[in-house]
1. Going by the structure shown, is LYS157 under 21 Å from CYS107 (Cα atoms), of a type outside the set (A, V, I, L, M) and surrounded by fewer than 13 Cβ atoms within 10 Å (Cβ to Cβ)?
2. How about the stretch 1-109: which helices (runs of 4 or more DSSP H) wholly inside it have at least 2 residues that are at pLDDT below 75?
3. Working carefully through the options LYS157, LYS222, LYS179, LYS209, find the one that is under 22 Å from PHE76 (Cβ atoms) and either out of contact with any Cys (no Cβ under 8 Å at 6 or more places or on another chain) or acidic (Asp, Glu) (or both).
4. Could you run through the stretch 184-216 and say how many residues are over 17 Å from the mean Cα position of the chain (by Cα) and of a type in the set (Lys, Arg)?
5. Just one of LYS222, LYS209 is among the basic types (Lys, Arg) and surrounded by 11 or more Cβ atoms within 10 Å (Cβ to Cβ); which is it?
6. Check the stretch 129-151 and report whether any residue there is under 12 Å from LYS180 (Cβ atoms), surrounded by 14 or more Cβ atoms within 10 Å (Cβ to Cβ) and of a type in the set (S, T, N, Q).
7. Looking at the stretch 139-190 only, could you name the residues that are of a type in the set (D, E, K, R), out of contact with any helix residue (DSSP H, G or I) (no Cβ under 8 Å at 6 or more places or on another chain) and not in a helix (DSSP H, G or I)?
8. Run GLY191 past the list (1) surrounded by fewer than 20 Cβ atoms within 10 Å (Cβ to Cβ); (2) within 17 Å of GLY111 (Cβ to Cβ); (3) touching a Leu at 6+ places or on another chain (Cβ under 8 Å) and report the number of the one that doesn't hold.
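The values are calculated or read from the model by the stated rules, or taken from the named source; none is laboratory data. What you see is a predicted model; the values in this text were computed from it and never measured. Note that each Cβ is placed from the backbone with ideal geometry, even for glycine, and that neighbours are counted across all protein chains shown.
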Amino acid sequence: MNDDLLNQQDMKKEEPKQEWLLTYADMMTLLFAFFVMMYSMSSPDPVKMSQIQDAMQKEAGKEGTIQSQNEIKQEFEEIVEKLDIVNVANVIEDPRGVALEMDGDICFSSGSTNIKPKLKAVLNTAAENILSNTKDYRMVIIEGHTDNAPIPEQLKKIYPTNWELSAARASNVVNYLIKKSVNSGRLQASGYADRWPAGVSWYDVRSGKVNDKIIREQNATKSQMQKNRRIKIVFTNN
């Protein structure tokens, strides 16, 4: 009996102490607190969050919260047809998303930044049917483009070059959409002057292939110049 008791006492003495578990538990608690703090200080991408939420809702059999790029394209096409601007507007697929491209003659008068009624009608419909979703955070880029004709002398004090004119036109469109209650955080105004002719791709522009010779060639006729004077609304993928 005494031998059994002594053996049990010896076994207890030989059991290793697991004091490291306390240190391990403290470390895991600190790591958890650290990651919670980092997440609370971070700014999650609202676009990604919206897309994840939309995907989850679709998987659950619920209707998505934001329109797909294909639906945006169809909306633009319906606007073009409804407003009878088929001959002066194009809905195109841009590497950044879907774009509505409109000839400048229906957007602004020569040398002016005042928005014409036809462009206002397009913006009104787009604001109501496409840009009114408060859960959609994808960027909308408004681009102003011109031909290579120099600014008339009487306007140079206001717009020294086509850069200022194209940027002012794009900004006016953005300002108009903001007044129509479109989220200003989604809107971006960009002026390209004559550096992005209608016949040149996005890849050529971004890769720096557009030079003065190409610009002259793309503005050789009145028809080309008319197409280059345009407003472009790009509904981006993110």
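1. Values: under 21 Å from CYS107 (Cα atoms): no; of a type outside the set (A, V, I, L, M): yes; surrounded by fewer than 13 Cβ atoms within 10 Å (Cβ to Cβ): yes.
No, not satisfied.
2. Details: elements: 2-14, 20-41, 46-59, 69-82.
Once the helices (runs of 4 or more DSSP H) in the stretch 1-109 are filtered for at least 2 residues that are at pLDDT below 75, what remains is 2-14, 20-41, 46-59.
3. On the way: LYS157 fails: under 22 Å from PHE76 (Cβ atoms); LYS222 fails: under 22 Å from PHE76 (Cβ atoms); LYS209 fails: under 22 Å from PHE76 (Cβ atoms).
None of the others qualify; the one that does is LYS179.
4. Selection size over the stretch 184-216: 4.
5. Working: LYS222 fails: surrounded by 11 or more Cβ atoms within 10 Å (Cβ to Cβ).
One residue alone meets the criteria, LYS209.
6. There is at least one residue in the stretch 129-151 that is under 12 Å from LYS180 (Cβ atoms), surrounded by 14 or more Cβ atoms within 10 Å (Cβ to Cβ) and of a type in the set (S, T, N, Q).
7. If the condition is that a residue be of a type in the set (D, E, K, R), out of contact with any helix residue (DSSP H, G or I) (no Cβ under 8 Å at 6 or more places or on another chain) and not in a helix (DSSP H, G or I), then LYS156, LYS157 are the ones that fit.
8. (1)
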